[in-house]
Amino acid sequence: MIKKLFNFKGGLRLTGHKAASTQHPVMPAKLPSIIILPLNQHIGVPAEPIVSVGQHVLKGQKIAKATDYVSAPIHASTSGYIRHIGPHAIPHPSGLQATCITLEPDGEDQWTDLQNHAHDYTNMDPSALRNLIRDAGIVGLGGAGFPSFIKLNPGPGRTIDTLILNGAECEPYITCDDMLMRERADEIVAGLMILRYALQASHCIIAIEDNKPQAISAVEQAINKLNVPDTQLAIVPTRYPAGGEKQLIYTITGKEVPKNGLPIHVGVVCQNVGTTAAIYRAINHGEPLVSRYMTIAGDIDKPCNLEVLLGTPVTELIEQCQGNIETLDRIIMGGPMMGFALPNLTSPVIKTTNCVTVANKNSDKFQHKKPMMPCIRCGSCADVCPVNLLPQQLYWHASAKELDKTQAFNLFDCIECGCCDYVCPSHIPLVQYYRYAKAEIWQREKETQKSNIARERFEFREKRLAREKAEREARLKKKKEAALKTAESPPQEDSKPTVDPKQAAILAALERTKTKQTTQKVQPKNIDNLTDEQKQMIAEIDARRTQQRQQSTVASKTASPPANTARRETHSE
Amino acid sequence: MIETIIILSLLAAGFGLLLGYAAVQFKVEGDPLVEQIDKLLPQTQCGQCSYPGCRPYATAIANGEADINQCPPGGETTIIALADLLNREIVPLNPENGTVKPKTVAIIDEQNCIGCTLCIQACPVDAILGAAKQMHTIIEAECTGCELCLAPCPVDCIEMITIKESLATWKWQEPKPFYKLHPQTVEPEAG
């Protein structure tokens, strides 16, 4: 057992409310009437369905495949028929719908053939082991849902000296990891050996909070029974958020994970105990991730832990624990500190759902949002911040939309644990402000990227248009020059092949019209059998015409009056 | 006396040469202010600001010919950013240039497209793919939603579609503060 521990700054001593849900052993939940499996139950790219509507599937059969490196496949939680593939409410704070596979259980709960998938990992290459874990659809069950196989890949040139199993379940009401350690300590320790083999870690630590004595003794027994070398138990003091990955690593090793860094950068890998047990089931029994332990707590008559099939609607679980759907005010997915109120009650349980906390109307356990008051600069938030941030400075800048300043105050190191929120005497929803600021910064970054692409494309187009115009002009100029040359040259040189036939034709046509103009004169028509009067008029008109021609050749102002008088004379006659 | 004058004039000549050399050697290409302004503009290239593109508008702002409130796609964010950069007052968007609209993307109804290539010529970012007498289509990822392709289309087969909120575009909203003011501060006339 590790004696020397380090204390992280800040944190809160919260009332656990954990006793109520740990009274009874974990029972399997009733087979649900419907199973809804969202395609994105993890961080990364959503999985892609490989089944069709109406198809019969067996429990554990893969129904959606991973589409990218950071992605995880999804398996049928029970045997039944695929009824629908399309949008459905998912457990997400936005309340938006996402693509889900809906499965109607046939009641048999029949497993697919698992025999071929069970392996003896000690003869396997670590990369093959990672592929098995990936194929089993295992993601971090502690809450983040990061695909586990990626965490087990330290990368070339990196050695892992410490593997930490996180059994410090620090948030109030949640007890599923506690129950798992009490009941399946052997599986957790066996899973630890698999992880250790995959990472080639030199030593392992299982961290459990000191408010879980039964779990501690169970795990201790399992370590002794399985005779695991270089594995120690660390009993960490109960203080929220002791189970935060970075806080736990600091408590045990005294090493701080660098900014923008990962635990792997300080030679540590941290896995949740639930994930470890799931990895054991996947490797030694070939079972993919289809169910998990989860806590149903809060304002219900029988708070308990259940082994729930993934995709079970939340309301069915609450009814099973004798909670009243009519009187409830909201369902919190997760614990009261970091959870979020479910916008839609038909949402299913997913891989990362560790707890459902029910809050009734007129609840004495859960406070309602109190009116927010101005910040009085008391500094309580800074005292409890486990990451050494200055929450009030972040709040000022976030509410003033000075996003670059929030980043200067290390906004992105905030783990959104909610300690500052909890102690604020002015009831300012601080974490909401930080989430807003983070989201805004990400969005602006995305927009900048998009506008950079647009600018590049616009500038490229301008260049292209300019080039095309220059080319067109050059072509025209060349043609003109060529035309001029041919126009000048034909009279001198008779060598026909050099003359362009088109040009020659044009020139010939020009020549014809020219000769026509010079040789042919207009022959007057209808001049036979004229009267004397008519002849006289014609003579006068001809005279005027010649006169005007002469005038136009002179083209002077003084020439115009005689023309006028001439016209007047003709009129008078 | 003479020595002082000689030393000082030598120094002056020396520094003059140094500055002259630096001016030639470290010359800044282009107008950095225009670059900075251009970076803050949304690059929709829509021309709603009455200039043919974002860069010309940036040049106009830098020369003092245009105000900072003529960009509807950028909206308030762009105005605040420009005001910050240029040390100017924040002014509301000029309604003559247009109003802030949700982000849209153009969609070609491919059934009705006659392949006239007019929209391709109008698109400022080459986001339309097609050839003469061939069906055209929009590269959605590259469409800036500038609406410049709508007018030239002779069969009106281009439509602007508002980008729907999805899990990828959803973000946390700003919490709305609700202060409860003391009654005396709310109604000062009564007291």
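The values are calculated or read from the model by the stated rules, or taken from the named source; none is laboratory data. Source: prediction; values computed, not measured. Here the Cβ positions follow ideal geometry from the backbone for every residue, glycine too, while neighbour counts run over all protein chains shown.
In region B:46-56, the qualifying residues are those that are of a type outside the set (Gly, Ala, Ser) and surrounded by fewer than 24 Cβ atoms within 10 Å (Cβ to Cβ), and the one that is nearest to B:Cys71 (Cα to Cα) is B:Gln48.
Pairs meeting the criteria (first residue in region A:444-471 and not assigned by TED's automatic domain parsing to the domain that holds A:Leu403 and of a type in the set (Lys, Arg), second residue in a helix (DSSP H, G or I) and surrounded by 11 or more Cβ atoms within 10 Å (Cβ to Cβ), beta carbons under 9 Å, at least 6 apart or on different chains) are lacking.
The number of residues in region A:390-408 that are more than 10 Å from chain B (Cβ to nearest Cβ) and of a type in the set (Gly, Ala, Ser) comes to 2.
Does A:Ile63 satisfy the condition of being farther than 30 Å from A:Met337 by Cβ and crowded, with 20+ Cβ neighbours inside 10 Å? Considered against the rule, which asks whether it is farther than 30 Å from A:Met337 by Cβ and crowded, with 20+ Cβ neighbours inside 10 Å, A:Ile63 comes out as yes. Considering A:Glu456, A:Glu462, the condition of being within 14 Å of chain B (Cβ to nearest Cβ), at pLDDT 85 or above and either closer than 30 Å to A:Cys378 by Cα or surrounded by 14 or more Cβ atoms within 10 Å (Cβ to Cβ) (or both) is satisfied by A:Glu462 alone. Within region A:411-425, the residues that satisfy the criterion of being over 22 Å from the mean Cα position of the chain (by Cα) and either surrounded by fewer than 18 Cβ atoms within 10 Å (Cβ to Cβ) or part of a helix (DSSP H, G or I) (or both) are A:Cys419, A:Cys420, A:Asp421, A:Tyr422, A:Val423, A:Pro425. Every condition in (1) buried (at least 21 other Cβ atoms within 10 Å of the Cβ); (2) closer than 26 Å to A:Ile82 by Cβ; (3) not hydroxyl-bearing (Ser, Thr, Tyr) is met by A:Gly140 except one, and the failing one is (2).
Only residues that are assigned to a helix (DSSP H, G or I) and within 14 Å of chain A (Cβ to nearest Cβ): list them for region B:5-45, please. Explain how you work it out, then say what you get.
Of the residues in region B:5-45, the ones assigned to a helix (DSSP H, G or I) are B:5-25, B:32-40.
Those that are assigned to a helix (DSSP H, G or I) and within 14 Å of chain A (Cβ to nearest Cβ): B:Val34, B:Glu35, B:Gln36, B:Ile37, B:Asp38, B:Lys39, B:Leu40.
Could you check region A:202-217 and list, in sequence order, the residues that are surrounded by 20 or more Cβ atoms within 10 Å (Cβ to Cβ) and more than 38 Å from the chain's Cα centre (by Cα)? Steps first, please.
At the first step, the residues of region A:202-217 found to be surrounded by 20 or more Cβ atoms within 10 Å (Cβ to Cβ) are A:204-209, A:212, A:215-216.
Correct list: A:Ile216 only.
If you filter region A:218-243 down to residues that are over 35 Å from the mean Cα position of the chain (by Cα) and among the small types (Gly, Ala, Ser), you find that the one that is nearest to A:Gly339 (Cα to Cα) is A:Ala234. When restricted to residues that are of a type in the set (A, V, I, L, M, F, W, C) and under 11 Å from A:Leu195 (Cα atoms), region A:252-287 contains 5.
Checking region B:53-60 against the condition returns a match, with at least one residue being within 14 Å of chain A (Cβ to nearest Cβ), of a type in the set (Ser, Thr, Tyr) and not in a loop (DSSP other than H, G, I, E, B). For the residues B:Gln121, B:Gln48, B:Gln70, the requirement of being among the polar types (S, T, N, Q) and within 11 Å of another protein chain (Cβ to nearest Cβ) singles out B:Gln121.
From B:Glu96, B:Glu110, B:Glu65, B:Glu76, grab the single residue that is loosely packed, with under 15 Cβ neighbours inside 10 Å and within 20 Å of A:Ser451 (Cα to Cα). Show your work before the answer.
Working: B:Glu96 fails: within 20 Å of A:Ser451 (Cα to Cα); B:Glu110 fails: within 20 Å of A:Ser451 (Cα to Cα); B:Glu65 fails: within 20 Å of A:Ser451 (Cα to Cα).
Sole residue among the options that is loosely packed, with under 15 Cβ neighbours inside 10 Å and within 20 Å of A:Ser451 (Cα to Cα): B:Glu76.
Would you confirm whether or not region A:426-435 contains a residue that is within 29 Å of B:Ile80 (Cα to Cα), within 13 Å of chain B (Cβ to nearest Cβ) and of a type in the set (Gly, Ala, Ser)? Quick ask: steps written out before the conclusion?
Residues of region A:426-435 that are within 29 Å of B:Ile80 (Cα to Cα), as a first pass: A:428-435.
Remaining after also requiring within 13 Å of chain B (Cβ to nearest Cβ): A:428-435.
Of the ones still in play, those that are also of a type in the set (Gly, Ala, Ser) are none.
No, region A:426-435 contains no residue that is within 29 Å of B:Ile80 (Cα to Cα), within 13 Å of chain B (Cβ to nearest Cβ) and of a type in the set (Gly, Ala, Ser).
When we screen B:Cys149, B:Cys143 for residues that are over 30 Å from A:Cys375 (Cβ atoms), at the interface with another protein chain (Cβ under 10 Å from one of its Cβ atoms) and in contact with a strand residue (DSSP E or B) (Cβ under 8 Å, 6 or more places away or on another chain), the only hit is B:Cys143.
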